1. Here are the criteria: (1) hydrophobic (A, V, I, L, M, F, W, C); (2) open to solvent by 50 Å² or more (accessible area, probe 1.4 Å); (3) in a strand (DSSP E or B). Tell me which single one Phe86 does not satisfy.
2. Please specify each residue of the range 149-195 satisfying the condition of being within 30 Å of Leu109 (Cβ to Cβ) and among the aromatic types (Phe, Trp, Tyr).
3. Please give the number of the condition Arg321 fails out of (1) farther than 30 Å from Lys225 by Cα; (2) part of a helix (DSSP H, G or I); (3) open to solvent by 50 Å² or more (accessible area, probe 1.4 Å); (4) at pLDDT below 95.
4. In contact with a strand residue (DSSP E or B) (Cβ under 7 Å, 6 or more places away or on another chain), in contact (Cβ under 8 Å) with a residue 24 or more places away in the chain, at negative phi and in a loop (DSSP other than H, G, I, E, B): is that true of Asp62 in this structure?
5. In the range 144-183, how many residues are of a type in the set (A, V, I, L, M, F, W, C), open to solvent by 20 Å² or more (accessible area, probe 1.4 Å) and farther than 22 Å from Trp239 by Cβ?
6. Does at least one position in the range 278-285 carry a residue that is buried (at least 16 other Cβ atoms within 10 Å of the Cβ) and either assigned to a loop (DSSP other than H, G, I, E, B) or modelled with pLDDT under 90 (or both)?
7. What about Gly326, is it modelled with pLDDT under 90, open to solvent by less than 40 Å² (accessible area, probe 1.4 Å) and either closer than 24 Å to Asn184 by Cβ or in a helix (DSSP H, G or I) (or both)?
8. Given the residues Val186, Val101, Val137, Val111, which is the only one that is modelled with pLDDT under 95 and open to solvent by less than 40 Å² (accessible area, probe 1.4 Å)?
Amino acid sequence: MDLRTIVEREEGLADRVRRLRSDPDLHLPVLTAKIKLTWRCNLRCKVCRLWRLGAALDRGVDLLGTERIMSILSSLHRRGLRKIHFSGGEVLLRPDLEEIVRHAASLGLQVNLTTNGTLMDKDKARFLVENRVHTVVFSVDAASRRKHDALRGVEGAWDLTWKGIQRLQVRRARKGHGPIVAVNTVVMRNNIDSLPDLFRLLTERGVESWRLLPVRTTDRRVHPKAEQWAALAVGSQAWQPLLLSRFPLFRVQTNTTRAESDDPSNQTPQTRFCFAPWCNLFVDANGEVLPCCTGRQEMPILGNVVRPTRIGEILGSEVRREICAGMASGHAFQVCASCYEFGEENSVLAQIAGLMPSRNPKSNWGEPF
């Protein structure tokens, strides 16, 4: 789905995008959204707290029910939604996932989802292929099964994930169509040096897109060292087009103080101006709504949709208005400096707004994220 075409074809939208910084109260449609369907997960990743939240909060019962999620999707669709991404926890633990995906597809939305893949049986693979899911993103952190399993906290996870990937690939090959098969890798100190091996494995096994996600944790011992980031910046140049994009995170500062930091947020960030507060929504598994998933760390909550709150009330809230005004005036949140989300959309919208030169006029949402 071509974001540039969507913006330029809707009457007045491109003009509003251009005027947004001077008039942050202008209305933009909510074009993209991410919904965490559950906290629950069958793995026990060392650097993830979500499965711990699942055990502590929902106790096996997902707070957002089927009807509520479908109602949210319908409401957002009426407000311009074009792309939805489902994540968790582990989305395949939701017994109603098929019903939710069918509803999203019936609205004409681009449907993406993220999974660890260990629960991807033949029936689930068949469903995803036959119900117009655009992209399935699998989590793979190492080429070595021992290293991957150690990071994911469950022995045998690596083998199960690759069986899940293969099932989806086989089903898609039989039908002649189906989701893009993509991989996310969380980059940490103890796996960053082995990423070249993972690149070769993903290439050999037919993965179509790869995204590197810097680890987010307060434990600095887990963060890659500056020299590891520098080596990755050089080595990753040979990984395109498989690598979705070479994130600004890898552009190591020449400033010695910043470059020697182990904290990835001290690498050169993307521009702090972001369009997400206007045209994106993130819904947590507990129903809390924020402009984006990175915002969980710092941004105020816009509302909660577990209760019968109208989406319109959340979009029109004073909290959201203040966030947009702050972004437009250059007062972004600190967490925005190291954010790697919404990059493709920001690039296209910034070009339309004249905030950066157009480097790729064909940039579109054929990319999985």
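1. Going through the list (1) hydrophobic (A, V, I, L, M, F, W, C); (2) open to solvent by 50 Å² or more (accessible area, probe 1.4 Å); (3) in a strand (DSSP E or B), Phe86 breaks only (2).
2. Hit for the range 149-195 is Trp162, nothing else.
3. Among (1) farther than 30 Å from Lys225 by Cα; (2) part of a helix (DSSP H, G or I); (3) open to solvent by 50 Å² or more (accessible area, probe 1.4 Å); (4) at pLDDT below 95, the lone unmet condition for Arg321 is (4).
4. In short, no.
5. 5
6. yes
7. When the stated conditions are applied, Gly326 does not pass them.
8. Going through Val186, Val101, Val137, Val111 in turn, just one is modelled with pLDDT under 95 and open to solvent by less than 40 Å² (accessible area, probe 1.4 Å): Val186.
The values are calculated or read from the model by the stated rules, or taken from the named source; none is laboratory data. Since we're looking at a predicted model, the values are computed, not measured. Cβ coordinates were reconstructed from backbone atoms using ideal geometry, including for glycine residues, and neighbour counts include every protein chain displayed. These area figures cover heavy atoms from the full protein model, side chains too; ligands, DNA and RNA do not enter into them. Shrake-Rupley method; radii C 1.70, N 1.55, O 1.52, S 1.80 Å.
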